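Enquirer: Handing you a structure now.
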Protein chains: 2
Amino acid sequence: MNCNVVKGTRDFLPQQMNKRNYIFNVIKEVYKLHGFSQIETPALENLSTLMGKYGEEGDKLLYKVLNSGNFLDKLDFESEQTKDYKKLTNKISEKGLRYDLTVPFARFVVNNRNEITLPFKRYQIQPVWRADRPQKGRYREFYQCDADIIGSDSLLNEVELCEMIDEVFTRLSLKVEIKLNNRKILAAIAELIQQEDKIIDITVAIDKLEKIGYDKVCEELIQRGLTKDNLNKIEPILKLEGDTKSKIHALKIFFQNSTIGQKGIEELEEVFQTIESLKLNSKVEFDITLARGLNYYTGAIVEVKCVEVPMGSLTGGGRYDNLTGIFGMPNISGVGISFGADRIYDCLEELKRFPQDISNTTTLMFANFGKQEEKQCVVWAKELRKENISAEVYPDSVKLQKQMKYANEKLISYVALVGERELEEGEIELKNMITGEQKKLNIDQIKEMLKS
Amino acid sequence: MNCNVVKGTRDFLPQQMNKRNYIFNVIKEVYKLHGFSQIETPALENLSTLMGKYGEEGDKLLYKVLNSGNFLDKLDFESEQTKDYKKLTNKISEKGLRYDLTVPFARFVVNNRNEITLPFKRYQIQPVWRADRPQKGRYREFYQCDADIIGSDSLLNEVELCEMIDEVFTRLSLKVEIKLNNRKILAAIAELIQQEDKIIDITVAIDKLEKIGYDKVCEELIQRGLTKDNLNKIEPILKLEGDTKSKIHALKIFFQNSTIGQKGIEELEEVFQTIESLKLNSKVEFDITLARGLNYYTGAIVEVKCVEVPMGSLTGGGRYDNLTGIFGMPNISGVGISFGADRIYDCLEELKRFPQDISNTTTLMFANFGKQEEKQCVVWAKELRKENISAEVYPDSVKLQKQMKYANEKLISYVALVGERELEEGEIELKNMITGEQKKLNIDQIKEMLKS
C-alpha cells in the first residue's frame, strides 16, 4: 500500500512545524506591528479568476479540479472538443487551486469592496499550488507570506515594506541586502532605444545579468531583436558602478529627456531618502538589473538577498498600478511583498540560526506506574496545566525505560516519578532530563518552580 | 468580470479572521498544554490514499484534480473508457484534495514511522474540501482541528480528550454537554438480536433517535431488515432512562452474556470514574444513541452539544483500532477528536461571547500632514514598534476627516496629530479615539503610556 505524499509536496513533522511556525510568527508579528490585518481566501477559485493572469506558462501550471458528478454528461463525443485536452479542460473543469496570493487578493478587494476601507493593509499566509516539475527547493505546494497596501500611491508604503523586510530579517538574525529598482527606469531604457514594445524582452534578459554576465545578456538581447546600436546605447547604463547615490546621479543625466525616466529616478530618490532616516540594519541598494519577470509591476521593484548563503531571493515584491482592474475596479494602486518561507527555512537551517527554545514540547511528563498512581497523576497534571505548565501522563504502565525513551525523544524537560511510595507520601520524585538531577518535591513546589 | 468566490467557499475579512484565530488559538493552547505536537500534511493526496476510505458517498465528494499536461495523451477514444465518467476519472486524475485529517494522518504515521515515537500525540489544524451541496453552515472548504493519540490503547487517552474538550469550551465560555458511548455496546445490541451484519444499519438508525423520535427509528429499522421481535428486544435498551450510573447498571444486566457488551461497559465505567475525579466544568453523559456514522470507530465515541444554542455537534471523535492498517501498519490503536470551528464560531456569534479585546489592530496611527511631518512620524512610529506597540503612519496627506474615518473603521485606539507646530515643538497631539480626549505628549511619554 502506497503511503507516500504526492511528489513535490511534504509532510511536516513536529520539529519542522516548530521551525516553520517560528518563521511565520516572526513575519506575522512584524506585519501586525505595522498595522496589517490578516485575511484568508479559499484554496479553490473559479478558473475564470485564475486563467490568463500568470501568462501562458502559468495557465499550464494551474491545478484544475474536475467538476463533480457526471462531468461528461453534456459532452458530444463525436465533436473535436473531447479529443483536444485544452478544449476538454474547459468543459470538465471550472475550478482551480490558487497559484499565488496576489490575484486572489485582487479578487478579494473587488468582491469585498463595500466591507473594507482604503487604503487597505492586508497580510495573508496561506499555501499555493503549482503543477511544476519538482526539484530541490521547488515544491508543488508551498506557503506564501504576503503583505500588500492597496489604494494608496504614497511612496511611504514602499518605505514601510522595506522597513518590514529589515525587521523580519533582523528578528531572524539573517543578514540580508535589500535591492530596489523601479519599473519606470526599465521603461526609460526601452524608450531610450525606441524599443518600447520590447520592454518585457529587455527586462527578462537584464534580470539575468548577475547570473550569466554581460556578454550573454547582450547575445540574448540581440536574439530578442535589439540592434548593436541599441546595445551600445544601454551599455553604460547596465555597467553603472558605484553606490546608489552616484548611480542615481548618472541616471539623471542619461534620462534627462525622458519623462518616465525622471519620474522613476524621483521615486527612487524619495524612497532612499526616507529609508536613510530610518537607519535600517540591512543595506538597501539600487540595482538596475532587478526586473522580476512579473509583468504587472509598474513602479518599485524589490528583492532580498541573503548575504551569508548563496540562495535565490528570500523576499520579493513591487508596485502594481492596476491589479484590480482585471476584476473591473480600475485605478487602484497597490504595493506588496512576499516572504519565501522555504528559502528562509533553508538559510536558517544551513547557518544553524534557529533558536534553541522553539521546541514547544511538554514541560513535565508523569511516568505511569499503574492504575492507582495514574489516577493521582492525571489530577496533578491538571493542576499544572491550570498554571499554564504543559503536562502529560504517559498513558500506559509499561517499562520505565520505554517511558523515559519517549520523554527523551520528545525533548521533555522533566519526568515526574510517582510510584506506590510517593503516592502514599503525597510527594513526587522529579527528574530533570537535561541535568539528570532528581529530587523529591510536592506538587505545589513543582508548580512554583515551573511557573517562571 | 466575475469576482465571486467558488460556491460553498468563503473569503475571511480581518474581523472574521480575528474571531477565527481566537477559536483556533484557544484550541491550540489546550492541545499544547496536553503535550500534543503539531503536524501538517499536504492538501493534495494521491487518490489511491483517499478513495475507498469514506464510503461510496465520500468517494463522490472527493475533489479530484486533473493530471497536468496532455491528460488525454494515452487515451483510446474509441474505447468505452472515455465515455464513462467514472472510468475516465481514473485515467485523467491521480490526485485529490484532502477530505478530512484522519486518513492523511494515518498515511502520515505510516510514511514517517521511523521519525516518530509511539505513542504519538499530534494535533493538526488545516482546511479540508468536500464537493458537497453547499447550504447554511455547510461549506465545501472548511477547517478541521484534530487531536489524536496513536499507538496506545489506554483509556487515559479517552479521558484526556474529554478533559481537553472541557478546557476548550471553558476557555471559550461556552456551556456544553459531553456525550459518550462505546461502539462495543452498539455491537452488543446487534449481537443480542443476532443481526451482527446489520450493525451499520442499526447504528445509522439509532443515531437519529433524538432527531426523529423512537417510532420513526423503528420504521427505519424495519425497512433495514430488522424484525418486530428484534425491536421488542432492543426497545428497553433504547428507552433507558436515568443518569449514567443507573443506565450502566441496567446495561450490565442486559449484556450479562455478551463478552463484547461487558467489555464496552467496563471501558465506559473506567472512563467515567477517572473523569469524575477531574471535576470537569462540563456535564459528561452516557448516550447509547450516539453512533456517529463513521464506520471505523471501534471503542469510545464522543460528541459535544452546546447547551445554550440548538446546533449540531461542536466536537466529535472516537477510538479506531486499525486505521493505519489500510496503509500496511496493523494493530495500532488510535483515539481522536475534532473541533468544528465553524459551528463554534456560530455559537459564539449568536451568544455574543467573543471577547472585546481580540480586534488585533493598530494601537496608534500618525495622521499625515505632509512630507516634512511624515518624515518625523515614520521615525517615531519605528520607535513605538521597538516597544512592541503597533503603529502606522497614514500614507497620504489627504483631508484629516478621511484619515480619521480610516482610523475609526479600523478601530485604532489612538491618533497622533503632528502638524507644523508640533513638529517644531517636538510634541505630539494625541487623541484617544474612544473617549475623544486629546493631550500633548512627547514620544517618550507616549511610549510609557502605551507599553503597559
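The values are calculated or read from the model by the stated rules, or taken from the named source; none is laboratory data. The model shown is predicted, which means the values in this text are computed figures rather than measured ones. Glycine also receives a Cβ, built like all others from the backbone with ideal geometry; neighbour counts cover every protein chain displayed. In case anyone asks, the SASA skips ligands and DNA or RNA and just uses the protein heavy atoms, side chains included. Shrake-Rupley method; radii C 1.70, N 1.55, O 1.52, S 1.80 Å.
Enquirer: Once a ≥ b ≥ c are taken as the square roots of the eigenvalues of the Cα gyration tensor of region A:135-238, is the result rounded (a/c under 1.5), prolate (a/b larger than b/c) or oblate (a/b not larger than b/c)?
Expert: Taking the square roots of the gyration eigenvalues as a ≥ b ≥ c, region A:135-238 is prolate.
Enquirer: Can you give the angle from 0 to 90° between the axis of helix A:341-350 and the longest principal axis of chain A, with both taken from C-alpha atoms, to the nearest 10?
Expert: Compared with the principal axis, the helix lies near 60 degrees.
Enquirer: With a ≥ b ≥ c the root eigenvalues of the C-alpha gyration tensor of region A:360-451, is it rounded (a/c under 1.5), prolate (a/b larger than b/c) or oblate?
Expert: Verdict is rounded for region A:360-451.
Enquirer: Please compute, for peptide A:405-416, the average count of beta-carbon atoms on other protein chains lying within 10 Å of each residue's beta-carbon. The partial results should precede the final answer.
Expert: Values: counts 1, 4, 1, 1, 2, 6, 0, 1, 0, 0, 0, 0.
Going residue by residue through A:405-416 and averaging, the value is 1.
Enquirer: Still on this model: Taking a virtual spin label 7 Å from the Cα of A:VAL307 along the C-beta vector, which residues in region A:267-293 bring their backbone nitrogen under 13 Å of it?
Expert: A:280-285
Enquirer: Please give the FRET efficiency for B:GLU420 paired with A:GLU196, using the beta carbon to beta carbon distance and R0 = 45 Å, rounded to the nearest 0.05.
Expert: Details: r = 43 Å, r/R0 = 0.96.
Calculated value: 0.55.
Enquirer: With a point put 7 Å past each Cα toward its Cβ, work out how far B:ARG353 is from A:LYS283 in nm, to one decimal.
Expert: 5.7
Enquirer: State the answer as a single residue: which of A:MET1, A:LEU44, A:THR82 lies farthest towards the positive end of the charge dipole of region A:1-140, with beta carbon charges of +1 for Lys and Arg and -1 for Asp and Glu, about the Cα centre.
Expert: So the residue furthest toward the plus end is A:MET1.
Enquirer: What residues in region B:270-288 lose 10 Å² or more of accessible surface when the other protein chains are added to their chain alone (1.4 Å probe)?
Expert: B:GLU270, B:GLN273, B:THR274, B:SER277, B:LEU278
Enquirer: Give the relative contact order (percent, whole number) for region B:288-446; include only Cα pairs under 8 Å separated by 6+ residues.
Expert: 15
Enquirer: Calculate for chain A the 222 nm mean residue ellipticity that helices alone would give, adding -39,500 (n - 2.57) per DSSP H run of length 4 or more and normalising by residue count, nearest 500 deg cm²/dmol.
Expert: Calculated mean residue ellipticity at 222 nm is -12500 deg cm²/dmol.
Enquirer: Taking a ≥ b ≥ c as the square roots of the Cα gyration tensor eigenvalues, with a/c under 1.5 meaning rounded and otherwise prolate when a/b beats b/c, else oblate, which class fits region B:357-411?
Expert: oblate
Enquirer: Let me ask you something else. For the protein assembly as shown, with the dipole built from +1 on Lys and Arg beta-carbon atoms and -1 on Asp and Glu ones, taken about the Cα centre, which of A:ASN442, A:THR363, B:LEU61 lies farthest toward the positive end?
Expert: Positive-end residue among those listed: B:LEU61.
Enquirer: Another question, if that's okay. Taking the Cα centre of region B:202-263 as origin and charging only Cβ (+1 Lys, Arg; -1 Asp, Glu), how large is the dipole, in debye to the nearest 20?
Expert: 220
Enquirer: Which value, in debye to the nearest 20, describes the size of the charge dipole of the protein assembly as shown about its Cα centre when Lys and Arg Cβ atoms bear +1, Asp and Glu Cβ atoms bear -1, and nothing else is charged?
Expert: 800
Enquirer: Can you give me the Cα centroid spacing of region A:310-340 and region A:191-247 in angstrom?
Expert: Spelled out, the Cα-based centre of one part sits 24 Å from the other.
Enquirer: Just the ratio, please: alpha-carbon radius of gyration of the protein assembly as shown over 2.2 N^0.38 Å, N its number of residues. Each step should come with its number before you reach the end.
Expert: On the way: Rg = 31.1 Å, N = 904, 2.2 N^0.38 = 29.2 Å.
Relative to the rule-of-thumb radius for its length, the protein assembly as shown sits at 1.07.
Enquirer: Of the options A:LEU180, A:SER154, A:ILE206, report the single residue whose Cα projects farthest towards the positive end of the charge dipole of region A:126-243 (beta-carbon charges: Lys, Arg +1; Asp, Glu -1).
Expert: A:ILE206
Enquirer: Provide the percentage of antiparallel DSSP beta bridges, counting only those with both residues in region B:5-151; round to the nearest 5.
Expert: That works out to approximately 90 percent antiparallel.
Enquirer: With contacts defined as alpha carbon pairs under 8 Å and 6 or more residues apart, what's the relative contact order of chain B in percent? Before the final figure, lay out the partial values.
Expert: Values: 704 pairs, mean separation 67.0, N = 452.
Taking the mean separation of contacting Cα pairs over the length of chain B, I get 15 percent.
Enquirer: Evaluate the charge dipole of region A:230-311 about its Cα centre and quote only its size in Debye, nearest 20, assuming +1 on the Cβ of each Lys and Arg and -1 on the Cβ of each Asp and Glu.
Expert: So the dipole magnitude of region A:230-311 works out to roughly 160 debye.
Enquirer: Roughly speaking, what is the centre-to-centre gap between region A:376-405 and region B:268-305 when only Cα atoms are used, to the nearest Å?
Expert: 22
Enquirer: Still on this structure, I have one more. Among DSSP beta bridges whose residues both lie in the protein assembly as shown, state the antiparallel percentage, nearest 5.
Expert: For the protein assembly as shown, the DSSP antiparallel bridge percentage is about 80.
Enquirer: Same structure, new question: Which chymotrypsin sites (Phe, Trp or Tyr not before Pro) does region A:37-95 hold that lie in a coil by DSSP with at most 12 other beta carbons within 10 Å?
Expert: A:PHE77
Enquirer: How much length, in nm to one decimal, is gained on full extension between B:THR170 and B:GLN256, taken as 0.36 nm per residue of separation minus their Cα-Cα distance?
Expert: Numbers: separation 86, 0.36 × 86 = 30.96 nm, distance 3.82 nm.
Between B:THR170 and B:GLN256, full extension yields an extra 27.1 nm.
Enquirer: As an exercise, identify the trypsin sites (Lys or Arg not before Pro) in region B:275-380 lying in DSSP coil whose Cβ has no more than 10 other Cβ atoms within 10 Å. It would help to have the intermediate numbers written out before the result.
Expert: Working: sites: B:LYS279, B:LYS283, B:ARG292, B:LYS305, B:ARG319, B:ARG343, B:LYS352, B:ARG353, B:LYS371, B:LYS375; in loops: B:LYS279, B:ARG292, B:LYS352, B:ARG353.
Sites meeting the loop and neighbour criteria: B:LYS279, B:LYS352.
Enquirer: Taking the label point as lying 7 angstrom from Cα along the Cα-to-Cβ axis, what are the distances from A:LYS252 to the corresponding position in the remaining copies, in ascending order and in nanometres?
Expert: Ordered by increasing distance: 9.5 nm.
Enquirer: For the pair B:GLU56 and B:ASN331, how long in nm is the line joining their label points, each one 7 Å along Cα→Cβ?
Expert: Going by the 7 Å Cα→Cβ label model, 3.5 nm.
Enquirer: Let me ask something else. For an R0 of 56 angstrom, estimate the FRET efficiency from the Cβ-Cβ distance between B:LYS211 and A:LYS440 and round to the nearest 0.05.
Expert: Taking R0 as 56 Å, the efficiency between B:LYS211 and A:LYS440 is 0.55.
Enquirer: Now, a different point. Rounded to the nearest 0.05, what FRET efficiency is calculated for B:VAL379 and A:GLN223 with R0 set to 35 Å and r the Cβ-Cβ distance?
Expert: Between B:VAL379 and A:GLN223 the formula returns 0.10.
Enquirer: Taking the Cα of B:MET449, stepping 7 Å toward and past its beta carbon, and measuring to each backbone N in region B:413-430: which are under 16 Å?
Expert: Label zone hits: B:413-419, B:422-423, B:426-430.
Enquirer: Shortest first, in nm, what separates the label point of A:LEU231 from those of the same position in the other copies (7 Å along Cα→Cβ)?
Expert: In nanometres, ordered from closest: 9.2.
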